[in-house]
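Structure first, commentary second.
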Amino acid sequence: MTSVLNVDSIAAKDGTSPVELTKQHAAKSWNCLNGTGTVAIRDSFNVSSIDDITTGKYRTNFSSNLVNNDFATTWEAIETVSSNTARCYSATEESTTRTTSANTCRTGWTGNNTSGTTDSAAVSNIIHGDLA
């Protein structure tokens, strides 16, 4: 016999906390930001703020810290440049800028034997790890 469960929402026992996932790994933080002009968060989860450090360099500050700085992260940057062969890249900045409370990346482009660091129109980041 097939069972059907129809609900409008699911809440923890206290009625306000998020439901804890069991045997599943959900992103602990994600964001999409506008990296040109006045840098601003477009949408996010577990992000308290972002910092525009310098051209093409952004820091995501977490609302809730991670347990350590050994988390997995993926950055993506989208930018239009004059060359059709240009590819945008992003790389997490390591050591002093990767902490339990923040993650930093640098974005840029390569193509037609040139490259450069640039602010990107859309930058996104996903973090997988354990919250403190």
Notebook entry, point to check: Once amide H atoms are placed 1.01 Å from N in the peptide plane, what residues at a sequence separation of 5 or more from Gly108, or on another chain, have their amide H within under 5 Å of its amide H?
Noted result: Tyr89, Thr118
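Residues with beta-carbon under 12 Å from that of His128, excluding His128: net charge, scoring Lys, Arg +1 and Asp, Glu -1?
Numbers: positive: Lys28; negative: Asp70, Asp130.
Once all neighbours under 12 Å are counted, the net charge is -1.
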Item checked: In sequence order, calculated HN-Hα J values of the stretch 4-9 (Karplus, 6.51, -1.76, 1.60; Hz; x Gly/Pro) -> 10, 10, 10, 9, 8, 7
Notebook entry, point to check: Taking θ as phi - 60°, what are the ³J(HN,Hα) couplings along the stretch 29-34 by the Karplus curve (6.51, -1.76, 1.60), each to the nearest whole Hz, with x for Gly and Pro?
Noted result: 7, 7, 7, 10, 10, 8
Next item on the list: Note the full-extension length gain between Thr99 and Thr55 as 0.36 nm times their separation in residues minus their Cα-Cα distance, in nm to one decimal.
Entry: 13.7 nm
Checklist line | Amide H within-cut-off set for Ala27, under 5 Å, with H built and near neighbours excluded | finding: none
Item checked: Karplus (6.51, -1.76, 1.60) ³J(HN,Hα), θ = phi - 60°, over the stretch 58-63, in Hz, Gly and Pro reported as x -> 10, 10, 9, 9, 7, 6
Item checked: In nm, spacing of pseudo-spin labels at Val7 and Thr36 (7 Å Cα→C-beta vector) -> 4.4
Notebook entry, point to check: For Thr16 and Ala122 in one chain, what is 0.36 nm times their gap in residues minus the Cα-Cα distance, to one decimal in nm?
Noted result: 34.9 nm
Notebook entry, point to check: Which far-off residues, 5 or more places away or on another chain, put their amide H under 5 Å from the one on Ser48, with H placed in the peptide plane?
Noted result: Asn61, Phe62, Ser63
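Values quoted throughout were computed directly from the atomic coordinates according to the rules given, and no laboratory measurement underlies them. This structure is a prediction, so every number in the text was calculated from the model and none was measured. No Cβ is skipped: glycine too gets one built from the backbone with ideal geometry, and neighbour counts run over all protein chains shown.
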